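K.L.:
This is the structure I have questions about; it appears just below.
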Amino acid sequence: MNLKLARYFFGGLVALCLLFEPLLMSFSAIRTTQSNPTATKQKSRTHHKTTKKALPSTAKAPKKTVARVRRGRIRVVDPTIGDTVEGEDLAVRRASVDALGHIDGSVVVADPSNGRILSIVNQKVALTTAYQPCSTFKLLVSLAGLSEGVFSKDSEFKCPTHHRGYLNLTDALAYSCNEYFQNVGERLGFDRVKRYAQQFGFGELAGLDIQGERPGFFPSEIDDEWVRKLSSHGQFIGVTPLEMAAFVSSLANGGTLYYLQYPRTPEEIASFEPKIKRQLDISNLLPDLKEGMSGSVTYGSGKHAYDPLEPVYGKTGSCSGQGTHLGWFVSYAGDSERQLVIVVLTRGSLRTEGPFAAGVAGKIYRELSQQKYFARREEKSNPTGVANDNLSPNSRINER
């Protein structure tokens with residue numbers, strides 16, 4: 001009888017242990033999390049990555065995994081915070097805000113025929129912060145090289161990253177071949193690159209009496225060995241989106257570098273007059289450059305900017321600077337009578353580099369084309385851009 005009771009007792013004890021085992025494990029996990037939350041978080045991130053691909057059994061594997069996740073993350077922000085929209089073209093403003101969305105960056109839209117700024121999204125960034133121009137600086141190097149005769153549109157240089165091996169200027173701009181422009185920059189030398197950069201306004205204020213604007217910077221000298229990197233990546237240079245808008249406007253209008261102006265009141269708009277900073281003798285060089293910028297949009301790195309209704313000419317830029325990944329797209333669209341310059345800067349991850357910035361510009365161009373904006377601008381029936389839309393400066397175009 002005592003043996004039977006002992007069996008029942010131990011059998012019940014085992015059953016109780018099995019019943020409470022999940023609770024005991026949960027309690028243990030909670031205590032582990034509370035005592036070392038950092039380690040648990042690291043473990044969670046590593047597990048998330050290994051569900052897709054097994055990690056090698058090395059001590060550095062978890063660190064590399066976390067780095068890859070960070071590079072792919074897009075930071076969600078409201079780029080319109082702090083902006084004021086008085087005096088802006090509200091159709092352009094709305095299209096720009098919608099296209100940029102919650103991406104950390106800035107958009108500048110200008111009229112290249114007179115230097116008037118039509119809209120700036122994220123005004124603080126566009127006016128006050130200088131960034132490495134990345135591959136957009138290839139446009140300046142192209143102009144300098146063509147003007148100095150160190151190469152021609154048909155000159156071919158080796159491009160190891162492209163399957164064809166050797167490219168001419170058109171395709172080198174379209175595909176943004178670094179080696180091509182490193183060769184051009186090396187032939188030019190730093191002094192000549194610097195001289196042309198200064199002529200086009202790099203390193204100086206782009207606007208005329210625009211409150212809060214700060215200039216970018218251009219080095220006074222660098223070692224000869226670094227001219228190649230400067231020519232292909234814009235290394236050692238800092239430009240604001242506003243400076244880029246002034247530069248590209250001069251390409252769109254045939255060589256007039258205007259002071260960019262930002263009229264904010266009806267009175268300032270009514271009395272607006274273009275102000276020329278410099279007249280540049282580049283009209284004979286622009287067709288060669290334009291062909292490459294068209295190639296970028298039709299089949300190259302900027303193809304996300306394509307607009308079936310209006311011709312778009314642009315150049316992408318992608319690099320890392322100031323602790324983040326940078327994406328540029330500098331462009332203009334329309335024929336000689338009706339043009340628009342759009343400069344897009346995006347910051348954050350590999351996913352928001354040059355091709356992504358081109359996509360933002362493309363959304364703006366396509367939206368405005370569908371609204372027949374280019375034709376409407378020619379009528380000039382509404383200089384403030386407010387009445388047609390029945391919108392106030394505090395409307396939703398400044399909200400997310």
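K.L.:
Taking the highest mean first, how do the peptides 343-349, 76-82, 161-167, 97-103 order by number of other beta carbon atoms within 10 angstrom per residue?
P.N.:
343-349, 97-103, 76-82, 161-167
K.L.:
Under a crude label model (7 Å from the Cα following the beta-carbon direction), how far is residue 322 from residue 214 in nanometres?
P.N.:
0.9
K.L.:
Please compute the modelled spin-label separation between residue 370 and residue 154, points set 7 Å along Cα→Cβ, answer in nm with one decimal.
P.N.:
About 4.4 nm, to one decimal.
K.L.:
Within the range 111-153, find all residues whose amide N lies under 18 Å from a label point positioned 7 Å from the Cα of residue 222 along Cα-to-beta-carbon.
P.N.:
130-145
K.L.:
Please give the Cα centre distance for the range 149-182 versus the range 270-291, rounded to the nearest Å.
P.N.:
26
K.L.:
At most 13 other Cβ atoms within 10 Å and a DSSP loop assignment: could you name the chymotrypsin sites (Phe, Trp or Tyr not before Pro) in the range 282-313 that fit?
P.N.:
The qualifying sites are 299.
Throughout, read-outs are computed from the coordinates displayed, never taken from laboratory work. As the structure is a prediction and not an experimental result, all values here were calculated from the model. Cβ atoms come from the backbone with ideal geometry, glycine included; neighbour counts cover every protein chain shown.
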